[in-house]
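Shown next, in structure tokens, is the structure this report addresses.
The values are calculated or read from the model by the stated rules, or taken from the named source; none is laboratory data. As the structure is a computational prediction, the values presented were derived from the model and not from experiment. All Cβ positions, glycine included, derive from the backbone under ideal geometry; neighbour counts span all protein chains shown.
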Amino acid sequence: MAGVKHLKEIKAPGLETPNVNQIELDPWCQQKPIVEYQKKNSIVIEAYSPFTVGEYLDDAYLIALAKKVRLTNLVLLSRLFTLNQKIPFEYNKDAT
């Protein structure tokens, strides 16, 4: 997972930047500088843990918004990412 500084270090000497970069990203951790940099440089964002490993699924705002648009919390989060051209990648802490 490369941040803006790391991506600039790759780009400065003329090296090829990645096509995809995985960053932690969810509605509670938006990381605007890296998101803006990646959009500007045509680097696809793969959102690490976009569903917060279930940590915020009981958030009152998320529940109200999901109810308003008649979706489940997970479907709403998934659509937010795909509509914003980000690839959701959920971490499974129980996977071995």
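Provide a single number: the residues in segment 1-47 that are touching a Leu at 6+ places or on another chain (Cβ under 8 Å) and acidic (Asp, Glu).
The number of residues fulfilling the criteria is 1.
What are the residues in segment 3-35 that are more than 28 Å from Thr72 (Cβ to Cβ) and within 12 Å of the chain's Cα centre (by Cα), if any?
Asn21, Ile34
Can you find a residue in segment 3-23 that is in contact with a Lys or Arg (Cβ under 9 Å, 6 or more places away or on another chain) and modelled with pLDDT of 80 or more?
yes
For segment 36-51, give me each residue that is at positive phi and more than 10 Å from the chain's Cα centre (by Cα).
Across segment 36-51, the qualifying residue is only Ser42.
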